[in-house]
Amino acid sequence: MEGHELLRMEGVGKSYFGNRVLSNVNFTLKKGQILGLVGENGAGKSTLMNILFGMPVIQETGGYEGKIFIDGNEVSFASPFEALEAGVGMVHQEFSLIPGFTAAENIVLNRESTKYNILVEAFGDRLKTLDRRKIRQRAEKAIETLNVDLHPDMSVSEMPVGHKQFTEIAREIDKERTRLLVLDEPTAVLTETEAAILLKSMKKLAGLGISIIFISHRLQEILDVCDTIIVLRDGEVVREFEPEKTDLMSIASAMVGRSIQGQSRRTQEDADRTSGDVVLTVEHLWVDMPGETVRDVNLEIHRGEIFGIGGLAGQGKLGIGNGIMGLYASGGTVTFDGRNVPLNDPMAPMSMGIAAVSEDRRGVGLLLEEPISWNIIFTTLQVQNRYLRPILGGLVRIRDAAAIRECAKHYIQALEIKCVSERQRVVELSGGNQQKICLAKAFALEPKLLFVAEPTRGIDVGAKKVVLDTLREYNRKNGTTIVMISSELEELRSICDRIAIVDEGRVAGILPATEPSTEFGLLMLGKVEKTRERVTA
Amino acid sequence: MKYTLREQISHFLVQYAVPIIFVLLSVFAIPLSRFSTQYLVQEMVARLARDSFLVLSLLIPIMAGMGLNFGMVLGAMAGEIGLIFITDWNVMGIQGMLLAMIISTPLAIFLGWMCGVILNKAKGREMVTSFILGFFMNGVYQLVVLYGFGNIIPIKNPALVLSRGFGIRNVTNLAGIRHCLDDLFSFNVMGITIPAATFLVIGAFCLFITWFSRTKLGQDMRAVGQDQEVSDSTGIPVERTRIISIVISTVLACYGQIIFLQNIGTMNTYNSHEQAGMFAIASLLVGGASVSRATIPNVFLGVILFHLMFVVSPMAGKYLIGEAQLGEFFRVFVSYGVIAIALVLYSWRRHKERERARRSLRGAA
């Protein structure tokens, strides 16, 4: 049966609301082969897998283009259950395990072996009792196939992350139909040794005739186990590699190299800039932000520069800004202008002249139901007590409506915010204009240091350029130090002076923005750091 | 992960804070009350027989992650309607009790199903929803019993009906079935009467719960209780499972209320069910259960500790301050207070545990 074609995709594409995220993807996967799928965040990997797995989100947004064949028959799954029926198993990045259950219980979840009893006649199959012995046997068998060290009676809540990952994979193996296994970043949470065990298990499974699609950011692993490697970039298959005939560098450059469109360009003047003394020092910062844990970050940011923080999603780059601003539990030392910044107190950094533009524009950044003017002055009013005027001889202070209106009008004009008037509710504005209001809100504080997180997320190309130009101009005119956090490397490279890349909650390296993008790509993929301190949960 | 002894002790104290407080209070109050040991033991045995079934009916929704089923009062109401009918028809003894159960079962199933459907629309806020639902159904119950009975639903026995000709009287005399289950089969040990038949029923119920948790349905309920999304993604019918758990709980609460009232012998037509819910939930929490976790030992420990306080505190208050009213006040204070404490402790504890789980993610700094 070796060499028999299991999965073929022909011209698969997808767009969400006119926004193309995937186009014309073609590949074939043979039985017992491992296919490596690599690409940056947003390259279309998840969308491709969602299509394959029949996730409801695909149907709800108008289906997909192209054809998928399994065993030469065209398939189109309307739900994950149909995909499971056809033998497609998927292990997601987020664990889908019941915490209070044992490994064995989770492996057989909703497919438990049961025993008959008389009450079944009256009340149906769900009153069958569980056959614990058989469940255990099945779990042991699956674990044995995986060839990992996992105790079937161990409770999931007490497991290290690696064991949870193994439990999930064991569940897919226990399903007898499984012929195609999709592993989405399975090694991201594993220690080196665990990852090595998993890679070995994968090869063993492939030897048993199960085909695997392996998604990973760790290129070395991909090179080690895969039979074919596909690189996705901006929704297209840019290259197909065979591992014997390639190396890390060429894969990395295929992943990150891209043409720049509609973004602001660097000028000679930018390159000649020199930065001042150190204004912000961060030492051993940890931040407990869910999904963006920062483990140990050390940084020095110079006065007047635009400092970029990049890295893949979930590696902790967002946590740095949010941690310093006191939004999540954090620890370590942060010094601003020679003074210590108290952590876990959102008021402290703001009163010291640090402002932030949140990545969560609609959640944290704006009061959606309130007018533009209020949004712009709200933080300033709270933090600096401006836009207030005393009445009753200073007993009470009320909002100074005239000053607020003036301020709002000023920023509407300066940032070219498209709106009816300063009294319009923010919820009615487009994403780009909402982002400008977030910027105006931060500018109104007249900060000495400004954190800007994902300023161009979810806004169109034209607005992106305006937002970036605004930031650059504000920096040039007022000498404000800006720390910009973004997932889009090219965007960072276009306006920053230096860029730090965060990987697994630590700074993997800091490079001048003029370095070629491959260098940054390698940092993101964790290739430069030699020793990695491991974390066990 | 290893914890120090200190951490373990504080973990234990947090886990069992409520029962520990009650044990300490009892140690303090029992000598003050001047009750004899024999009297207290007899009281506790009687109250165990009377209340355990009601409290046990709360376990299954907790297993399914729906918290404390304040909606159990719906079941209690169904049981009371059954009792009104058999009293009117003058069916006595154990037959009467069984008939009351048979009459009220379909009603309890319907109410439970309704409650379950509503709670599915209020996921994450089951407790407050079922609590208010209890108040709402209390209104419907009053409407039916106060105006429907004797008007639309014929009631022959004039002793049951208010003098105006319709509506059930405030107090319904259940002399016909009084102690019929308790006395079916009982014996004396050292002067203490043990209602063995009732305990047999309770024992059978405990076995049922243990068996039930080993069925596929029980396993599904535990899964749904811990993570609805994961359960849903593996194909477990989440909503249906939740409805079933509430239906079972409501029907059992209905039986529990019938057992409770056969022991009391009179029924406070418009209040009995309200107290049933409040006291059962308070007992369970006193026994060390939480909103997400409750076991059979929690039930018995809780019933004993809660009712010990109940019996002892008025007398202790009387001898201590010369005011029996104080004990009465204490009862009410305790039953509401313990529910409030348990709810606060629960979210506080969950917060602590999350923090503890996340601590490992932090750096060495």
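For B:Lys156, the aspartates and glutamates whose Cα falls under 17 Å of its own Cα, not counting residues fewer than eight places away in the same chain, are B:Asp88.
What pairs from A:Lys14/A:Lys436; A:Lys30/A:Lys134; A:Lys30/A:Lys175; A:Lys436/A:Lys464; A:Lys14/A:Lys245; A:Lys175/B:Lys123 go past 22 Å between their alpha carbons? Pairs exceeding 22 Å: A:Lys14/A:Lys436; A:Lys30/A:Lys134; A:Lys14/A:Lys245; A:Lys175/B:Lys123. Dipole of segment A:396-537 computed with +1 at Lys/Arg Cβ and -1 at Asp/Glu Cβ about the Cα centre; of A:Ile412, A:Leu511, A:Ile482, farthest Cα towards the positive end is A:Ile412.
Over all directions, how big on average is the projection of the convex hull of the alpha-carbon atoms in chain A, in square nanometres? With the hull built on Cα positions only, its mean projection is 30.7 nm². In a reduced charge model with +1 at each Lys and Arg Cβ and -1 at each Asp and Glu Cβ, segment A:335-466 shows a dipole moment near 240 debye about its Cα centre.
What number, in percent, do you get for the relative contact order of chain B if the mean sequence gap of Cα pairs under 8 Å and at least 6 apart is divided by its residue count? Computed value for chain B: 31 percent relative contact order. Computed over Cα pairs, the Kirkwood radius of segment A:1-129 leads via Stokes-Einstein (1.306 mPa s, 10 °C) to a diffusion coefficient of 91 µm² per second. Counting only Cβ charges, +1 for Lys and Arg and -1 for Asp and Glu, the dipole size of chain B around its Cα centre is about 960 debye. Can you give the mean number of other chain Cβ atoms that lie within 10 Å of the Cβ atoms in peptide B:210-219? Across the residues of B:210-219, the mean count of other-chain Cβ atoms within 10 Å is 6.
Springs join every pair of Cα atoms under 10 Å in this Gaussian network model of chain B, and among B:Ile296, B:Ile20, B:Ile109 the largest mean-square fluctuation is at B:Ile20. Note on A:Asp288, B:Asp183: ascending count of other Cβ atoms within 10 Å places them as B:Asp183, A:Asp288, the fewest first. Restricting the calculation to Cα atoms, segment A:101-176 yields a radius of gyration followed by a Dmax of 13.6, 43 Å. Bridgeable aspartates and glutamates around A:Lys31 (alpha carbons under 14 Å apart, same-chain partners fewer than 8 residues away excluded): A:Glu2, A:Glu5, A:Asp71, A:Asp227. Between the alpha-carbon centres of segment A:77-141 and segment A:424-452 there is a gap of 50 Å.
Every Cα-Cα pair of segment A:268-524 was included, and the share exceeding 26 Å stands at 39 percent. Ranking A:Ile135, A:Val156, A:Thr114 by Cα position along the charge dipole of segment A:101-176, where only Lys, Arg, Asp and Glu carry charges on their C-beta atoms, puts A:Thr114 farthest toward the positive end.
What fraction, in whole percent, of alpha-carbon pairs in segment B:18-149 exceed 25 Å separation? Here the tail beyond 25 Å accounts for 45 percent of pairs.
Taking the Cα of B:His351, stepping 7 Å toward and past its beta carbon, and measuring to each backbone N in segment A:100-131: which are under 12 Å? Within reach of a label on B:His351: no residues. Among B:Ser26, B:Ser36, B:Ser57, which one shows the biggest mean-square fluctuation in a GNM of chain B, springs joining Cα atoms closer than 10 Å? Between B:Ser26, B:Ser36, B:Ser57, it is B:Ser36 that shows the largest mean-square fluctuation.
Placing +1 on each Lys and Arg Cβ and -1 on each Asp and Glu Cβ, with no other charges, gives the protein assembly as shown a dipole about its Cα centre of roughly 1980 debye. Stokes-Einstein, applied to the Kirkwood radius of segment B:246-365 over Cα pairs at a viscosity of 0.692 mPa s and 37 °C, places its translational diffusion at 196 µm² s⁻¹.
Placing one identical point scatterer on every Cα of chain B and ignoring solvent, what is log10 I(q)/I(0) from the Debye formula at q = 0.06, 0.09, 0.11 Å⁻¹? Per q value, in the given order, log10 I(q)/I(0) is -0.25, -0.55, -0.81.
Between the alpha-carbon centres of segment A:207-224 and segment B:34-64 there is a gap of 59 Å.
For A:Asn344 and A:Lys477, the difference between the fully extended length at 0.36 nm per residue and the C-alpha to C-alpha distance is 44.7 nm.
Translational diffusion of the protein assembly as shown was estimated from the Stokes-Einstein equation, with Rh taken as the Kirkwood radius over Cα pairs; at 10 °C and 1.306 mPa s the coefficient is 49 µm²/s. Once the Cα atoms are used to define both axes, helix B:216-226 deviates from the longest principal axis of chain B by about 60 degrees. The value of relative contact order for segment B:134-186, using C-alpha pairs under 8 Å at least six residues apart, is 27 percent. By the count of neighbouring beta-carbon atoms within 10 Å, fewest first, B:Trp348, B:Trp113, A:Trp374, A:Trp286 end up ordered B:Trp348, B:Trp113, A:Trp374, A:Trp286. Entry note, chain A: relative contact order of 14 percent, from Cα contacts under 8 Å with a spacing of 6+ residues. Taking Cα atoms only, the orientation of helix A:372-384 departs from the longest principal axis of chain A by about 80 degrees.
For chain A, the longest principal axis of the alpha carbon atoms and the long axis of helix A:401-414 meet at an angle near 70°. Applying the Kirkwood pairwise sum to the alpha-carbon positions of segment B:1-79 produces a hydrodynamic radius of 16.3 angstrom. Quick check on segment A:77-121: take the gyration tensor over C-alpha atoms, sort the square-rooted eigenvalues as a ≥ b ≥ c, and tell me if it's rounded (a/c under 1.5), prolate or oblate. Oblate. Ordered by the count of other Cβ atoms within 10 Å of each Cβ, fewest first, A:Phe27, B:Phe53 give A:Phe27, B:Phe53. FRET efficiency for the pair A:Leu367 and A:Ser157, taken as 1/(1 + (r/R0)^6) with r the Cβ-Cβ distance and R0 = 41 Å, rounds to 0.60.
So which of A:Lys45/A:Lys67; A:Lys128/B:Lys121; A:Lys317/A:Lys409 end up more than 24 Å apart, counting from Cα to Cα? Violating the 24 Å Cα-Cα cut-off are A:Lys128/B:Lys121; A:Lys317/A:Lys409. Reported to the nearest whole Å, the Cα centre-to-centre distance from segment B:106-175 to segment A:151-177 is 48. Dipole orientation for segment B:220-365: of the candidates B:Met315, B:Leu345, B:Val286, B:Leu345 has the Cα lying most toward the positive pole (charges on Cβ; Lys, Arg +1; Asp, Glu -1).
The numbers here are math on the coordinates, done by the rules we state, and not lab data. Predicted model only: the values in this text are computed from it and were never measured. All Cβ positions, glycine included, derive from the backbone under ideal geometry; neighbour counts span all protein chains shown.
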